[in-house]
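To keep things clear, I will list the structure first and then write my remarks on it.
Values quoted throughout were computed directly from the atomic coordinates according to the rules given, and no laboratory measurement underlies them. For clarity, every value in this text was computed on a predicted model and none was experimentally measured. Glycine also receives a Cβ, built like all others from the backbone with ideal geometry; neighbour counts cover every protein chain displayed.
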Amino acid sequence: MGMLAHQVDHVIGVDTHRDSLTAAVTDTTGAVLAQTTLLADGFGYRRLLTFAKLNAPGRRVWAIEGTGSFGSGFCTYLLEKGEWVVEIDRPARPATRNGAKSDELDAARAAREALSREHLAQPRRRGDREALRVLMATRESAVVARTKAINLLKGILVSAPESLRNSFRNVSTDQQLVRCARLRVSVARSEEHRCTVMALRAAAKRALLLQEEAHDMEAEIERIVTKLAPRLLAEPGVGPICAAQILCSWSHPGRIRSEAAFAAIAGVAPIPASSGSTVRYRLNRGGDRQLNRALHTIVLSRIGHHEETKAYVARRTAEGRTSREIRRCLKRHLARRLFKLLESSVAA
């Protein structure tokens, strides 16, 4: 049994869906005492809390799956009511062939999963952190769509009529977008020429519009990050986008129990790969890959522009370390430093 068995009398596991919530009340041994399924709306939230007060009196904790998606509204409602909520990953299901899968079983598994854990995760906060998350997601979508539009434009130019291709040779991508957006269709030209011009203009306008949208998102992200964590932005190599991703993954003080846990979440905790007399560690391929990418970007910036980091790289290279090992060490150090900075400087 984990830590919960000595702290609560009941655990309420909740399996969340878009339109319904299924809850299972268990005691500290994992035995199911009561179950119910209600609509995932304000009325359903109130009825589910009343159900918990009747069937799980005294000390209780909610183990909710999907607190950042389908369970977000219910989790926020419970926190506002002063309830104890922990976040549970998708519970492991037995590898059987009899189809043992239902909402009731998943809710009970969520409760038992919470009972078996030594360390419990708090749900991520909403407010400014959620604002950053939606802005980051929108910006990422705009950047990906802009790249697709540019690739489309360049693909059209490759097979465009020679008169069009010649006017775009040895021109940067930004200039190509501006020129293509200003193209005009001439009725005196052939059908192929006119349709190619229309396609180039549409792709260029789409890319420019998406670029402006991404810039708007970045400006708002920078404003929020500057308000939340100015000391984070002052760190070498940390820009608004990387800082926003770090804040989204970290969420709030006290959620992550230690800097080692933060490193594990970021996928930068070293994994032993020693053999015989060789002592070494390898990269961690798990964890939050978006957070890992943010740390990787910061490390690359520091390797190129930060004198202290340059000196460290030179010293470790002289010791025979590979560039991959050096980056791993730098990301682990960065995770430690940023976690301590966030815990001490960012307001709850």
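Ranked highest first by the average count of other Cβ atoms within 10 Å around their residues, in what order do 44-56, 13-25 fall?
Most protected by this proxy first, the peptides run 13-25, 44-56.
What is the gain in length, in nm to one decimal, between PHE168 and ASP41 on full extension, counting 0.36 nm per residue of separation less the C-alpha to C-alpha distance?
Here the answer is 40.2 nm.
By its C-alpha gyration tensor, with a ≥ b ≥ c as the square roots of the eigenvalues, how is region 232-345 shaped: rounded for a/c under 1.5, else prolate for a/b larger than b/c, else oblate?
Judged from the Cα gyration tensor, region 232-345 comes out oblate (a/c at least 1.5, b/c at or above a/b).
Just to be sure I understand, if you calculate P(r) over Cα pairs in 10 Å bins from 0, in percent for this structure, which of [x] 5, 18, 21, 21, 18, 11, 5, 1, 0; [y] 5, 25, 36, 26, 7, 0; [z] 6, 27, 32, 23, 10, 2, 0 do you get?
[x]
Taking LYS310 as the anchor, which aspartates and glutamates have their alpha carbon closer than 14 Å to its alpha carbon, excluding any fewer than eight residues away along the same chain?
Partners found: none.
Can you figure out the FRET efficiency of GLU140 with ARG337, using R₀ = 25 Å and their beta-carbon distance, to the nearest 0.05?
Taking R0 as 25 Å, the efficiency between GLU140 and ARG337 is 0.45.
For the pairs LYS154/LYS205; LYS227/LYS331; LYS53/LYS81; LYS148/LYS205, note any where the Cα-Cα span goes beyond 18 Å.
Pairs exceeding 18 Å: LYS227/LYS331.
What is the calculated FRET efficiency for ARG126 to SER301, with r their C-beta to C-beta distance and R₀ = 30 Å, to the nearest 0.05?
Calculated transfer efficiency: 0.50.
Would you calculate a helix-derived [θ] at 222 nm for the chain, using -39,500 (n - 2.57) for each DSSP H run of n ≥ 4 and dividing by the full residue count, to the nearest 500?
Theoretical 222 nm ellipticity from helices: -18500 deg cm²/dmol.
Once both axes come from the Cα atoms, what is the angle between helix 42-55 and the longest principal axis of the chain, in degrees from 0 to 90, rounded to 10?
With both axes taken from Cα atoms, the answer is about 30 degrees.
What is the angle, in °, between the Cα long axis of helix 240-250 and the longest principal axis of the Cα atoms in the chain? Nearest 10 is fine, range 0 to 90.
20
Against the longest alpha carbon principal axis of the chain, how many degrees, from 0 to 90 and to the nearest 10, is the axis of helix 307-318 turned?
80
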